[in-house]
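One structure below.
The values are calculated or read from the model by the stated rules, or taken from the named source; none is laboratory data. Computed from a predicted structure; not experimentally measured. With ideal geometry, Cβ positions are generated from the backbone for all residues, glycine too; neighbour counts draw on all protein chains shown.
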């Protein structure tokens, strides 16, 4: 049984079937990047309808009990999330309103600075704003995961300290192992882990460079990360993009804020593009992770926790 802490796939029935067939019993989906409140609500309507129309395959996961019940039925629990806080439109009260609509994960910033804090791609990160502190506190209150995956380092560190609940990095790796601005330095991951947080290590090739040639290489990266922060704070967040076309990628990378080409995580400054991860192409390949983790020295229990248990425990504390 597997849990994927972040995908950005545009799912349909076939995509849900792929998750179920691959053994994925819980996945956090991306409902938006740059969309305002109205557009974000339109997206939520689409996701709610998809789940309702395919109730034999999926269910809405808004609590740990629901997630476990849906998984036990052999279906996939869908957690609704956003990779930016644009849906708030500067309104603190929208945190609770979107929580009532089923949203359980929100990334504070995406690929540029906003009114909450800095992005990992900003040349300077001014840190968590006063509004950002209030948003973190409100997310804590209602039970919404504070996601720092694309967030700048200073903003990330200050958000960890400001949060009364453990926070998460749903889809990134450690930059001490793979140098890329999208990855998180060890000092941030250690601070996150010390407070009970979680990191979903990803397979995305450009931020897994040097560790994506085989399942065992990737598992070696997991083991080295575990040496830094402990295996109990690690899960998997593939950052899958099944069904996304060129227009979707362009929207992800630059939204409406840029007329220039924006590379996103595809190429890091001064870094060569990595070869695509051929051994993992979608949820049907999730089965490769367990054996690889065991081959590099993780126990059966540790492997099961990385594949499911650690995130499940974390959701029980945060949601």
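Please tell me if residue 45 is part of a helix (DSSP H, G or I) and surrounded by fewer than 20 Cβ atoms within 10 Å (Cβ to Cβ).
Yes; evaluated as a whole, the condition is true for this residue.
Mind listing whichever residues of region 95-114 are over 15 Å from residue 156 (Cα atoms), in contact (Cβ under 8 Å) with a residue 60 or more places away in the chain and buried (at least 21 other Cβ atoms within 10 Å of the Cβ)?
Those that are over 15 Å from residue 156 (Cα atoms), in contact (Cβ under 8 Å) with a residue 60 or more places away in the chain and buried (at least 21 other Cβ atoms within 10 Å of the Cβ): 103, 104, 105.
Residues being at pLDDT 90 or above, surrounded by fewer than 19 Cβ atoms within 10 Å (Cβ to Cβ), part of a loop (DSSP other than H, G, I, E, B) and under 18 Å from the mean Cα position of the chain (by Cα): count how many of those fall in region 225-268.
Qualifying residue count for the region: 1.
Restricting to region 193-221, and then to whatever is under 17 Å from residue 314 (Cβ atoms) and more than 15 Å from the chain's Cα centre (by Cα), can you tell me which residue is surrounded by the most Cβ atoms within 10 Å (Cβ to Cβ)?
193
Please work out which residue is nearest to residue 241 (Cα to Cα), limiting yourself to region 204-224 and to residues that are in a helix (DSSP H, G or I) and in contact with a helix residue (DSSP H, G or I) (Cβ under 6 Å, 6 or more places away or on another chain).
Across region 204-224, the extreme among qualifying residues is 215.
Within region 6-21, can one find any residue that is modelled with pLDDT under 95, outside any helix (DSSP H, G or I), surrounded by fewer than 22 Cβ atoms within 10 Å (Cβ to Cβ) and in contact with a helix residue (DSSP H, G or I) (Cβ under 8 Å, 6 or more places away or on another chain)?
yes
Does residue 117 satisfy the condition of being surrounded by fewer than 24 Cβ atoms within 10 Å (Cβ to Cβ), in contact with a strand residue (DSSP E or B) (Cβ under 8 Å, 6 or more places away or on another chain) and either more than 22 Å from residue 250 (Cα to Cα) or at pLDDT 95 or above (or both)?
Judged against the criteria, residue 117 is not a match.
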